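Reviewing the structure listed below.
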Amino acid sequence: MPSQITNYQCPACTGPLHYDGKTGRLLCDYCGSSFSVEEIEKIYHEKLEQAAEAGAGESVQQEAPFAEAEADSSQTWDGEKEGMKLYHCPSCGAELLMDRTTAASSCPYCANPSVIPAQFEGLLRPDYILPFKITKEEAVAALSKYYKGKPLLPGSFSDKNHIEEIRGVYVPFWLFDGTVSADARYQATRVFSARHGDEMVTTTEYFDVRRRGSVSFKRIPADGSRKMPDDLMDSIEPFDYESMKPFSTAYMPGYIADIYDVDDRETFERASTRGNQTAEQIFDSSVSGYSSFTPVQKEFHMKRERTAYALLPVWLLCTQWNGERFIFAMNGQTGKFTGDLPVSMKKYLAYFAGIAAPLAALLAVFFFL
Amino acid sequence: MKRTAISVGLLLCILLLCVSIVSFAEESRGLPYYVSDVAGLLSEEERSALEESAKRASDAWSCGIYVVTLDDYRRYAEGSESSFLRFSESFYHQYNMGIGSGHDGILLIMSMDDSDYSLIAYGDRANYSFTDYGKNALEKEFLPYLSRGQWYNAFSAYISGCDSMLKRAAEGAPVDVPAATQAGSSSQSGPSGIHLLITLLFPAGISFSVCQGMKRSMKQVRQKRTAEEYILPGGVHMTVQQDTFLNRTVVRTPIPRVEKTSGPSGHGGTSVRPSGFSGHSGKF
């Protein structure tokens, strides 16, 4: 399969375009023109058709508003064996070595946003894409805001800390629709106590409780990228699926995109575990009015009904402090921010003493004076 | 002859009346003194002085304040008393001690051979006035003198202590466990240790939980275990919801009887034995 890179170029000045999350349009960095996604898609398809008619990809490169460069398919390189792929930047001709799963990036030499449409062909084509809404500046500001109200954060972490890397990434997610069938049986007890004369009479009633039914879920997400920590991706949920669009590479210029490298069967296990546990909680909570209950038998099984493949927007920010790397993630649509922070033991002990000492002094006054 | 017979009959009646009056008087008065020094520890002047103050206080508060010293209590015991405390209670009844129909009184009785003493109270008024805490406080007043053989000082402290406690009781506030310690520990020596532990551990526990909460807020990345936000509207269907009664068990547990006390429940008040006496015995 040929590996191609597409640079979305401005139809007016051939400058590089990037997708702007605020306006929802593609903006030209040079002449300032803006285009809707539909306009660019239309022009892109027309040029592709023209190229197909002409039967020569080379002429398209010269005439099309976006240049496509094809990597030399005969060229082999040892790096491909290590999960890397070699591309040529259509803008400056530089050789780009990218991860096999990378589908959109930017050239480190000319900074032009590049998309590799071949990565999205066939089964690898996502059903949906959720465009970015949060800008890079807002993501950086959110990190500073995130540091506030964290009394145990080391002072040097926020003062001397510099963002090493910030990337807007379209992360591949599997979205699962499914229904959990539930069958549960519990032994429940109801206990009463009452005083009769000189005796305490305790009555215990035993019940056999049965619950059967189903719980239906829509679009439980599970990321399909091994590079992304599952807990980090879980922590920025939920995404608002109402804003999802049918997939188009036109939303990608300016961002990085990966294709999945964990298939839907593997990720479904995580989604079904979440679904089953949710159903279990619902059924357990329906056993009410008893002093106690114990499950005797439980069967919760999620059946997959529909699977969608979507690219969801995530800002990833990396910082380094005391030789340790910290990764923060932000939901590129809702702005939900998360990440683990270091704890200052000095501050911890100071707060401990600051709370304990006055309390102890108060008690000492109360008891001993 | 008839006159002589009438005179003899009249004389017999007067004699019978006198005997019954004397016996009644003996029965109702019991011991002639509030301070009876059989062991001879006091001079007559000392005994008289103590007798006067004991009588004054007893009359003032309608509660007898007694001091009895014996060489060896076993000489007076009837054989059934197995302990000095039992003997003291029998002695109180035997000599008809106490004032009024309730026989209210407090008795400090000593047996010198074995250095035994008993401090017991009888009757509602006495048991109300001399709480367990009050009797302990009273002992702290006179026991140091007894240990040193300063008998007069000991009895004097005892009588004046009883007087002030009866006065407090008459005012409606008998000497009892202070309110602050009543809720806490039962003894006077214990609380300081417990309070020290509370003073150190309680703030440490509070501080630790607050700091751990702050530490937890630094770690926000965690895997999701559930998916409630992805449940379809109306997506929960419970087709079977059946609760079946199986059986019932009944357990009856006797409630332990609580010892009767004349004061407030808990650590204060007076522990009254079924004999109606409160108090205890010991060595000086």
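The values are calculated or read from the model by the stated rules, or taken from the named source; none is laboratory data. This is a predicted model, so every value here is computed, not measured. In this analysis, Cβ positions are derived from the backbone assuming ideal geometry, glycine residues included, and neighbour counts consider all displayed protein chains. The protein model used for the area step is the full one, side chains on, heavy atoms only, and it has no ligands, DNA or RNA in it. Shrake-Rupley method; radii C 1.70, N 1.55, O 1.52, S 1.80 Å.
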Checklist entry - Out of all the residues in region A:156-211, which are within 13 Å of chain B (Cβ to nearest Cβ), open to solvent by 70 Å² or more (accessible area, probe 1.4 Å) and not in a strand (DSSP E or B)? => result A:ASP198
Checklist entry - B:TYR73 fails exactly one of the following numbered conditions: (1) crowded, with 21+ Cβ neighbours inside 10 Å; (2) in contact with a His (Cβ under 9 Å, 6 or more places away or on another chain). What is the number of that condition? => result (2)
Checklist entry - Is it the case that A:GLY332 is open to solvent by less than 10 Å² (accessible area, probe 1.4 Å), within 9 Å of chain B (Cβ to nearest Cβ), touching a residue at least 24 places away in the same chain (Cβ under 8 Å) and in contact with a Gly (Cβ under 7 Å, 6 or more places away or on another chain)? => result no
Checklist entry - Among (1) loosely packed, with under 14 Cβ neighbours inside 10 Å; (2) modelled with pLDDT of 90 or more; (3) charged (D, E, K, R), which single condition is B:GLU259 missing? => result (2)
Checklist outcome for this item: Of (1) at the interface with another protein chain (Cβ under 7 Å from one of its Cβ atoms); (2) open to solvent by less than 60 Å² (accessible area, probe 1.4 Å), A:ASP223 fails just (1)
Next on the checklist: Of all residues being in contact (Cβ under 8 Å) with a residue 24 or more places away in the chain and part of a loop (DSSP other than H, G, I, E, B) in region A:279-296, which is farthest from A:ASP177 (Cα to Cα)? Just the residue, please.
Outcome noted: A:SER291
Next on the checklist: Given (1) in contact with a strand residue (DSSP E or B) (Cβ under 7 Å, 6 or more places away or on another chain); (2) open to solvent by less than 20 Å² (accessible area, probe 1.4 Å), identify the lone condition not met by A:VAL262.
Outcome noted: (1)
Checklist entry - Restricting the search to region B:127-141, which residues are more than 12 Å from B:ILE106 (Cα to Cα) and open to solvent by 40 Å² or more (accessible area, probe 1.4 Å)? => result B:ASP132, B:TYR133, B:ASN136, B:LYS140, B:GLU141
Checklist entry - Does region B:106-126 contain at least one residue that is surrounded by 22 or more Cβ atoms within 10 Å (Cβ to Cβ) and assigned to a helix (DSSP H, G or I)? => result yes
Checklist outcome for this item: Residue count, region B:142-160, condition closer than 19 Å to B:ALA60 by Cβ and open to solvent by 10 Å² or more (accessible area, probe 1.4 Å), comes to 3
Checklist entry - How do the pairs read when you match residues in region B:165-179 that are touching a residue at least 24 places away in the same chain (Cβ under 8 Å) and outside any helix (DSSP H, G or I) with residues anywhere that are open to solvent by 30 Å² or more (accessible area, probe 1.4 Å) and among the hydrophobic types (A, V, I, L, M, F, W, C), using Cβ under 8 Å and keeping only pairs 6 or more apart or on different chains? => result B:VAL175/B:ALA137
Item to check | Subset of region B:190-207 (residues that are facing chain A (nearest Cβ under 7 Å) and open to solvent by 60 Å² or more (accessible area, probe 1.4 Å)) | outcome: B:ILE198, B:LEU200, B:PHE202, B:ILE206
Item to check | Subset of region A:112-126 [in a loop (DSSP other than H, G, I, E, B) and either at pLDDT below 80 or open to solvent by 70 Å² or more (accessible area, probe 1.4 Å) (or both)] | outcome: A:ASN112, A:ILE116, A:GLU121, A:ARG125
Next on the checklist: With the requirement that a residue be surrounded by fewer than 17 Cβ atoms within 10 Å (Cβ to Cβ), part of a loop (DSSP other than H, G, I, E, B) and touching a residue at least 12 places away in the same chain (Cβ under 8 Å), what does region A:127-149 give you?
Outcome noted: A:ASP127, A:THR135
Checklist entry - Can you name every residue in region A:214-226 that is in a strand (DSSP E or B) and at negative phi? => result A:SER214, A:VAL215, A:SER216, A:PHE217, A:LYS218, A:ILE220, A:PRO221, A:ALA222, A:ASP223
Checklist entry - When both residues are 6+ apart or on different chains and their Cβ atoms are under 6 Å apart, which pairs have a first residue that lies in region A:347-363 and is under 16 Å from B:MET218 (Cα atoms) and more than 8 Å from chain B (Cβ to nearest Cβ), and a second that is in a helix (DSSP H, G or I) and open to solvent by 50 Å² or more (accessible area, probe 1.4 Å)? => result none
Item to check | Among residues of region A:229-243, those that are crowded, with 20+ Cβ neighbours inside 10 Å and more than 7 Å from every other protein chain (Cβ to nearest Cβ), counted | outcome: 3
Checklist outcome for this item: Checked pairs for region A:262-278, first more than 9 Å from chain B (Cβ to nearest Cβ), second among the β-branched types (Val, Ile, Thr) and open to solvent by less than 60 Å² (accessible area, probe 1.4 Å), C-beta under 6 Å and 6 or more apart or across chains, list as A:ASP264/A:THR307; A:ASN276/A:VAL180
Item to check | Top-ranked residue of region B:215-245 - restricted to ones that are of a type outside the set (Val, Ile, Thr), farther than 20 Å from A:GLY275 by Cβ and not in a strand (DSSP E or B), ranked as farthest from the other protein chains (Cβ to nearest Cβ) | outcome: B:ARG216
Next on the checklist: Considering only residues that are of a type in the set (A, V, I, L, M), out of contact with any Asp or Glu (no Cβ under 7 Å at 6 or more places or on another chain) and open to solvent by less than 20 Å² (accessible area, probe 1.4 Å), which ones fall in region A:244-259?
Outcome noted: A:MET252, A:ALA257, A:ILE259
